[in-house]
């Protein structure tokens, strides 16, 4: 099977959000038949949902994988569960970790439980700015290049927290 690019959005606003996101990068790098190639810097963002919750820490990861989109999504959900995610009490509420499959090999897909590109990607600066760190020319099907979408939205409510690392793989390969 060939390797395909995939992009994952990471977010947390509970239990040490920065540590949760950094831990999630390590978990991503351990997925079988997948390589976590690059990660964005971390960003602090105001919540999209209810305002009476802590700010989020967000980031993005660029992967190469041999898994199908559905298999990769299953692995993301497993990682969330392993990291102690529970359903937030309200939509867009606080969470320990959130891993979203944003893009998979330029695929457009809509089936129960999986829509690609991820819905709302083009309207969320806390997704676009981290993606622009690692893949500014990446094209979001139906919307345009990541860097252009990020510029159009602006950075209101978003601030960089840490510099990007080149690789997120703990394997040493």
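The values are calculated or read from the model by the stated rules, or taken from the named source; none is laboratory data. Predicted, not measured: the structure shown is a model, and the values here were computed from it. Heads up, the Cβs are rebuilt from the backbone with ideal geometry, glycines too, and the neighbour counts pull from every protein chain shown.
Restricting attention to region 88-120, which residues are outside any strand (DSSP E or B), touching a residue at least 40 places away in the same chain (Cβ under 8 Å) and closer than 22 Å to residue 55 by Cβ?
90, 91, 92, 93, 94, 95, 96, 97, 118
Modelled with pLDDT under 95 and under 21 Å from residue 66 (Cβ atoms) - does that describe any residue in region 83-103?
no
Restricting the first residue to region 135-155 and requiring it to be on the phi > 0 side of the Ramachandran plot, which pairs with a second residue that is surrounded by fewer than 15 Cβ atoms within 10 Å (Cβ to Cβ) and outside any strand (DSSP E or B) meet a Cβ separation below 8 Å and a spacing of at least six or different chains?
Final answer for the pair search is 142/108.
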